1. So what is the relative contact order of the chain, in percent, for Cα pairs below 8 Å that sit 6 or more residues apart?
2. Which loop GluC sites (Glu not before Pro) in the stretch 104-186, with loop taken from DSSP, have no more than 10 other Cβ atoms within 10 angstrom of their Cβ?
3. Run lengths n ≥ 4 of DSSP H only: what is the helix-derived mean residue ellipticity at 222 nm for the chain, with -39500 (n - 2.57) per run over all residues, to the nearest 500?
4. Please state the charge dipole magnitude for the chain, taken about the Cα centre, from unit charges on C-beta atoms (+1 on K and R, -1 on D and E), reported in debye and rounded to the nearest 20.
5. Shape of the stretch 62-122 from its Cα gyration tensor (a ≥ b ≥ c, root eigenvalues): rounded if a/c is under 1.5, otherwise prolate when a/b > b/c, or oblate?
6. So how much slack lies between K2 and A111, counting 0.36 nm per residue of separation and subtracting their Cα-Cα distance, in nm?
7. For the ranges 198-205, 224-231, what's the packing order if you count other beta-carbon atoms within 10 Å of each residue, average per peptide, and put the highest first?
8. Loop only per DSSP, at most 14 neighbouring Cβ atoms within 10 Å: give me the trypsin sites (Lys or Arg not before Pro) in the stretch 1-82, ordered by residue number.
Amino acid sequence: MKKITIAIDGFSSTGKSTLAKQLAKKLKYVYVDTGAMYRAVTLFAMRSGFVESGKVNEEALEQKLDDIELKFVFNSSVGFAEMYLNGENVEKEIRTMPVSKNVSQVAVLEAVRKKLVAIQQAMGIDKGIVMDGRDIGTVVFPEAELKIFMTASPEKRAVRRYKELLDRGEDVKYEDILENVQKRDYIDSNRAISPLRKAEDAIEFDNSDLGLEDQFQRIYEHSLRVIEKQG
């Protein structure tokens, strides 16, 4: 059966990565978490002292972009590929609140997006891929056979993120999480380069009140119909 490209976009904490992982595993496709790539670059910038008080030294970071090597390495114990930054597994560190607070400011930079989009397009050249992010269906793979746009209320997303961080042992407050979600929504939707928006031919899923299993089944069944149409 012919393989396709599946692009999943949407707001932060809508469960894009969880869905994409499930879908890729079920279809035996390659899964790519582009958010992890932007988070890894953000972590690099923070470690290098290029981020101060929420502001990014764009010129300094751009000069060091060639020093950044990003790689996904499959971890059989967890069942998915983890993010490696210059040979170091940074999967856990890139999911922390300090990185979350700065990732939108780094992701808005044209040089960063140009570098990562080129890497992402190369990854999907043979299709059979599920990729999630902010601009997959609009910029990275505008010709993707299946585009999904995920959304949910900021409050519902903040609750999910809050519980997730608590489970990891982080000391966080719900109010801070909600503020971060709303701030990221604004930055992602209003940036000049590749703003977050729903592609015209994308299917929108609002999962504010939708269970993960129900959501997965609906999207999986739709994916099969799209794949069958491709022959």
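The values are calculated or read from the model by the stated rules, or taken from the named source; none is laboratory data. Only a predicted model underlies this, so the values are computations on that prediction, with no experimental measurement involved. When we count neighbours, we look across all protein chains shown, and the Cβ atoms used for this are built from the backbone with ideal geometry, even at glycine. With ligands, DNA and RNA removed, areas are computed over all heavy atoms of the protein, side chains included. Shrake-Rupley method; radii C 1.70, N 1.55, O 1.52, S 1.80 Å.
1. Relative CO of the chain lands at 33 percent.
2. Here the GluC sites (Glu not before Pro) that fit, given the DSSP loop and packing criteria, are E143.
3. The helix contribution divided over the chain gives -15000 deg cm²/dmol.
4. 440 debye
5. Oblate, because a/c is 1.5 or more while a/b does not exceed b/c.
6. Net length gain for the segment: 35.8 nm.
7. Result, highest mean first: 198-205, 224-231.
8. Taking the stretch 1-82 and a limit of 14 other Cβ atoms within 10 Å, the loop trypsin sites (Lys or Arg not before Pro) found are K2, K28.
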